[in-house]
Amino acid sequence: MPSLRRLILTMDRESRPQKKTGPGRPRSFDREIALRAAMLLFWEQGFDGTSYTDLTRATGMSKPTIYATFGDKIELFRKAMTFYAEQATTVYQEALEQPTAREAVEACLRLARGLHYKTGEPFVCFLVQGALTGSADTKELRAELGALQRQATQLLQKRLEQGKRKGELPSGANTKVMAEYFTSIVTGLSVQASNGASTRDLHQVIEMAMATWPSKA
């Protein structure tokens, strides 16, 4: 199963500016590469902590070019979070395609950031981190981030419902509560990883979480 890191870094080999296309023509920038650079910056520093100077350095684009390509800072952040969500959803949906609902849930838990690899990226999910921080000016953005995160919970509930119809869960199982619970575990795992929890401890948390799986007996 591909990791989110692998998906969002697939453009690295193309991250150099393109060559001039003709005499006197300026170098062009790949829009997706610039967007990824902005996303990583917002992810690490937050919306309020990221300045236009930071963005110009990270993307290699001038402020007027950023405006012309993405809009203002709020619109750039919105596009960055959508870009992240699209990549994350791809990985999440692949995890949900496991043969049984139980296997699908465990696969989702094991996607928690910081569990399998160490990178320069924050351990806490961009959608979670962004939704929890920011000033009053970013209230609308934080609400949008929260809504994107909720989509993952809804996808998980849908998969649990499928398993329930196949008899993999008791007929009385509350799939909504289960989806909320396991989503909370995923979030908690990434937060704990960012706080220095060991991989071994995080895997033990997953084992304990899966021990709550309702019995059909």
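Counting the residues of the range 59-88 that are crowded, with 19+ Cβ neighbours inside 10 Å and among the small types (Gly, Ala, Ser) gives 3. The residues of the range 166-217 that are under 21 Å from LEU127 (Cα atoms), polar (S, T, N, Q) and assigned to a loop (DSSP other than H, G, I, E, B) amount to a single one, ASN195.
Criterion first (at pLDDT below 90 and open to solvent by 60 Å² or more (accessible area, probe 1.4 Å)) does ALA143 satisfy it? Outline the logic, then answer.
Numbers: at pLDDT below 90: yes; open to solvent by 60 Å² or more (accessible area, probe 1.4 Å): yes.
Yes, satisfied.
Taken as a whole, the range 156-163 holds no residue that is within 25 Å of TRP43 (Cα to Cα), in contact with a Pro (Cβ under 9 Å, 6 or more places away or on another chain), touching a residue at least 40 places away in the same chain (Cβ under 8 Å) and surrounded by 19 or more Cβ atoms within 10 Å (Cβ to Cβ).
Of the helices (runs of 4 or more DSSP H) entirely within the range 44-113, those holding at least 1 residues that are closer than 26 Å to LEU160 by Cβ and not hydrophobic (A, V, I, L, M, F, W, C) occupy 73-96, 101-109.
The values are calculated or read from the model by the stated rules, or taken from the named source; none is laboratory data. Quick caveat: nothing in here was measured; it's all calculated off a predicted structure. Note that each Cβ is placed from the backbone with ideal geometry, even for glycine, and that neighbours are counted across all protein chains shown. The protein model used for the area step is the full one, side chains on, heavy atoms only, and it has no ligands, DNA or RNA in it. Shrake-Rupley method; radii C 1.70, N 1.55, O 1.52, S 1.80 Å.
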